[in-house]
Amino acid sequence: MQFEVAIYCFTGTQASGVGEWGPSTFMTINADGSFTANQALSGPPQAVNLTLTANPNPATSGATVTLTATASVAGATGTVQFENNGTNINTTPAQVSGGVATTTLTAPTVTTATTESLTAVYTPSGSFTAGTAGALSLPVNPASANSGTIPLAVSVPQSGSFTLTVDTTDLVSLTAAGLTATGVTTPIVVADTRNTYPGWSVSGQNAAWTGTGTAAGGTFPGSQLGWQPTDTALAPAVTLGALVNPVTPGLATAAPLASVHAGLGNGYGTSTLGADLTLTIPATAPAGPYTSGLTISAVTSNP
């Protein structure tokens, strides 16, 4: 004699109203007390085991390796955390799609062969449970000895030049209005193409003014002249000098027109400089024409 029994499982107490039908199985109970499962109506949550593979395998030092975790159940859902020697490879767990999850690993840089211990840990979702994690020992070999790097060196020679161009031919005539006269210098050009970048400084100094013609015998000091440095072009890091007022202190002593400190790239190129001139004429100066000279000088180290 045989009896067929259907077994129903609930996740909660059925009488409480929270019972939910779960996996059920038909069983045949034999007269001797033994039983045989005949047909699964709905099995228990399926355990998902992972198989871990790598491509390429073995890997080469520093190369990119693709890791693939394949689930034992094609329809499995959830995520996979890939690990290398217990340390997460992917910061965000990879989604299982179509029964697989993937990530990439950069093989360590090695000079002798080594082995990485890789694992893939499954976190289930839906009606699945985690089974056996995927595990793989990945050999990593040094880069091929069929290549090598030849060390190279060169000493770059010093090159380039420094020039200061001052127009010493054209006369700059100041225009007087009462006891003040004004004018503008001709362009002063500094060209520096040296690759040593030693820096430079350009300054100006005014000589005493000497009367001629009806003012013959008259004189007044170069400190009566002042200037405001200007430019139409400046090379990198070049700065103009400060305003020098007439008389106090005046240009009887040298004052900076422009300068640049030593440094990589500093001053390289062409700077076109100039200055707006202001002369304060002493009230006691005899009337008539006067002449003077504005000496422009450059100081720099050799290339």
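Only the coordinates and a few stated rules stand behind these numbers; no lab work does. This is a predicted model, so every value here is computed, not measured. Reconstructed Cβ throughout: ideal geometry from the backbone, glycine too, with neighbour counts over all protein chains shown.
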Length-normalised contact order of region 47-141, Cα under 8 Å, at least 6 apart, in percent, tallies to 38 percent
Given a cut-off of under 8 Å on Cα pairs at least six residues apart, what relative contact order in percent is computed for region 143-195?
-> 43 percent
With a ≥ b ≥ c the root eigenvalues of the C-alpha gyration tensor of region 118-168, is it rounded (a/c under 1.5), prolate (a/b larger than b/c) or oblate?
-> oblate
Tabulate in residue order the Karplus-calculated ³J(HN,Hα) for region 268-284, using 6.51 cos²θ - 1.76 cosθ + 1.60 with θ = phi - 60°, rounded to whole Hz; enter x for Gly and Pro.
-> 6, x, 10, 10, 10, 10, x, 7, 8, 9, 9, 10, 9, 8, x, 4, 8
So how far, in whole Å, is the C-alpha centre of region 175-220 from the one of region 110-154?
-> 75 Å
Given the Cα-Cα distance of Leu164 and Ser127 and 0.36 nm per residue of separation, how much length would full extension add, in nm?
-> 4.7 nm
Calc'd 3J(HN,Hα), region 163-173, phi into Karplus 6.51 cos²θ - 1.76 cosθ + 1.60 (θ = phi - 60°), Hz, glycine/Pro = x, comes to 9, 10, 10, 10, 6, 9, 9, 6, 7, 9, 9
Note the full-extension length gain between Ala143 and Ala207 as 0.36 nm times their separation in residues minus their Cα-Cα distance, in nm to one decimal.
-> 15.6 nm
With 0.36 nm assigned to each residue of separation and the Cα-Cα distance removed, Leu136 to Val184 gains 9.0 nm
Enumerate the residues in region 54-96 having an amide nitrogen under 18 Å from the point lying 7 Å beyond the Cα of Thr104 toward its Cβ.
-> 54-57, 59-69, 82-84, 89-95
One computes Rg over Rh for region 162-300 from alpha-carbon atoms, with the Kirkwood Rh, and obtains 1.04
Amide H neighbours of Asn195 under 5 Å, at least 5 residues apart or on other chains, H built in the peptide plane: list them.
-> Ser159
